[in-house]
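Some notes on the structure that comes next.
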Amino acid sequence: MGDRIRKTDEEWRSQLTPEQYHILREKGTERAFTGAYLDNKKDGTYRCAGCGEPLFASDTKFDSGSGWPSFTEPMPGANVEMEEDRSHGMRRIEVRCKSCGAHLGHVFPDGPPDRGGQRFCINSCSLSFEEKNQG
């Protein structure tokens, strides 16, 4: 792994919106069914809103009905790391950007069985989207 991107809180606050800062740096969660990418059906790449690293391909996105963009797996070689999260009286697996440490969401074992069985439940605020060129 390369060096992790390190910035001060002031630098992160100047780069991110208040909602993005809360989610990416303070491990918050956006309200269900409010995210910009929930219903996005375009072809392309979902990147970390904090550092721009490619994380998820649009062909792994599916409608889970959960209220957040859901993916079956990260892109091959993506800078995604997972760690146990015992906050809020629950036991979950947190998904973070390995490059900048941004909180992305959580992964659950209730995804489509025919596509690996995982559901990466990711906050839209933690992502940016790069549409695939149509030409």
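The values are calculated or read from the model by the stated rules, or taken from the named source; none is laboratory data. In this text the structure is predicted, and so the values were computed from the model without any measurement. Heads up, the Cβs are rebuilt from the backbone with ideal geometry, glycines too, and the neighbour counts pull from every protein chain shown.
Looking only at the range 111-127, which residues are of a type in the set (A, V, I, L, M, F, W, C) and outside any strand (DSSP E or B)?
Taking the range 111-127 first, the residues of a type in the set (A, V, I, L, M, F, W, C) are 120-122, 125, 127.
Correct list: 125 only.
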- request: Those residues that are crowded, with 17+ Cβ neighbours inside 10 Å and farther than 15 Å from residue 76 by Cβ, I need them from the range 48-66; list them, please.
  value: 48, 49, 50, 51, 61, 64
task: Please enumerate the residues belonging to the range 75-88 that are crowded, with 19+ Cβ neighbours inside 10 Å and farther than 19 Å from residue 4 by Cα.
output: none
query: Would a scan of the range 9-22 turn up a residue that is out of contact with any helix residue (DSSP H, G or I) (no Cβ under 8 Å at 6 or more places or on another chain), modelled with pLDDT of 95 or more and within 29 Å of residue 112 (Cβ to Cβ)?
result: no
message: Just to confirm my filter: which strands (runs of 3 or more DSSP E) fall fully inside the range 29-104 and include at least 2 residues that are under 12 Å from residue 128 (Cα atoms) and in contact (Cβ under 8 Å) with a residue 12 or more places away in the chain?
response: 44-48, 54-57
message: Of the residues 19, 11, only one is in contact with a Cys (Cβ under 6 Å, 6 or more places away or on another chain) and assigned to a helix (DSSP H, G or I); which?
response: 19
message: List the residue pairs whose Cβ atoms are under 6 Å apart, where the first residue sits in the range 118-135 and is of a type in the set (A, V, I, L, M), the second is modelled with pLDDT under 95, and the two are 6 or more positions apart or on different chains.
response: none
- line: Selection from the range 89-103 of residues of a type in the set (Lys, Arg) and either buried (at least 20 other Cβ atoms within 10 Å of the Cβ) or under 27 Å from residue 3 (Cα atoms) (or both) yields 92, 96, 98
query: What is the residue count in the range 104-126 for residues that are surrounded by fewer than 19 Cβ atoms within 10 Å (Cβ to Cβ) and either touching a Lys or Arg at 6+ places or on another chain (Cβ under 9 Å) or among the β-branched types (Val, Ile, Thr) (or both)?
result: 4
task: Exactly one condition in (1) out of contact with any His (no Cβ under 7 Å at 6 or more places or on another chain); (2) touching a residue at least 12 places away in the same chain (Cβ under 8 Å); (3) surrounded by 18 or more Cβ atoms within 10 Å (Cβ to Cβ) is not met by residue 24; state its number.
output: (1)
message: Here's a check for you: in the range 8-21, which residue that is under 15 Å from residue 103 (Cα atoms) and touching a residue at least 24 places away in the same chain (Cβ under 8 Å) is surrounded by the fewest Cβ atoms within 10 Å (Cβ to Cβ)?
response: 17
